[in-house]
Amino acid sequence: MEVAASSERIPQIRRILAAHLRYWSLEHHVNAVCSAVDELVDNVVQHVSGDKTCVVELRWTGRRLVASVSDRDRCLPPVRSSSPSRGGLAKVAKLSDSWGTCGTEEGKVIWFSRRVKEAERILTGPRAPRRPVVEFRPLALPGHPSDAPALEVDAVR
């Protein structure tokens, strides 16, 4: 999404990202991803002079979650502190598995990624009951009628 970065817009961006993460059943990642994106958008607010338009992207590959914020300022950000408690890129690094920045024709992009384990993707809502299998009858081979009796099978979850 393309937004005019401002302190007032950060909560709105957070709600939109959280909704996407919940839609993808990635509730466990909402706080970390939203906090890291908050830092990146806040960096645009604080450090970009002139046009503060930025593009926030969130991608889900099925195993990796990647978020990025790009802006039109060509100045690459320095890492000013190694303390995540002070915020900035150190906080983004703490909340992610990997991160990076690169210049583009229009400005720069800062991204981070998080690995998602299969166990973290368990759906939390109620599951629809499966229809039980009543019987199993082996398929007949072409030209050979099947005389095999039907087998009773219990429903397996």
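The values are calculated or read from the model by the stated rules, or taken from the named source; none is laboratory data. Quick caveat: nothing in here was measured; it's all calculated off a predicted structure. We place every Cβ from the backbone using ideal geometry, glycine too, and count neighbours over all the protein chains shown. In case anyone asks, the SASA skips ligands and DNA or RNA and just uses the protein heavy atoms, side chains included. Shrake-Rupley method; radii C 1.70, N 1.55, O 1.52, S 1.80 Å.
A few points about this structure:
- Looking only at residues in region 66-122 that are of a type in the set (Ser, Thr, Tyr) and touching a Leu at 6+ places or on another chain (Cβ under 7 Å), the one that is modelled with the highest pLDDT is SER113.
A quick yes/no check of all residues on (1) at pLDDT below 95; (2) within 18 Å of LEU89 (Cα to Cα); (3) under 17 Å from the mean Cα position of the chain (by Cα):
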| residue | (1), (2), (3) |
| --- | --- |
| MET1 | yes, no, yes |
| SER6 | yes, no, no |
| ALA18 | no, no, yes |
| VAL44 | yes, yes, no |
| SER49 | yes, no, no |
| TRP60 | yes, no, yes |
| ARG64 | yes, no, yes |
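- Cross-chain or 6+ apart pairs with Cβ under 8 Å, region 16-40 first and at negative phi, then among the acidic types (Asp, Glu): LEU21/GLU27; LEU26/GLU120; HIS28/GLU120; HIS29/GLU120
- Selected residue [in a helix (DSSP H, G or I), open to solvent by less than 60 Å² (accessible area, probe 1.4 Å) and more than 17 Å from VAL116 (Cβ to Cβ)] from VAL56, VAL37, VAL3, VAL41: VAL41
- The set of residues in region 98-118 being assigned to a loop (DSSP other than H, G, I, E, B) and under 14 Å from ARG59 (Cβ atoms) consists of VAL116 alone.
- Yes/no for VAL69 being in contact with a Lys or Arg (Cβ under 9 Å, 6 or more places away or on another chain) and at negative phi: no
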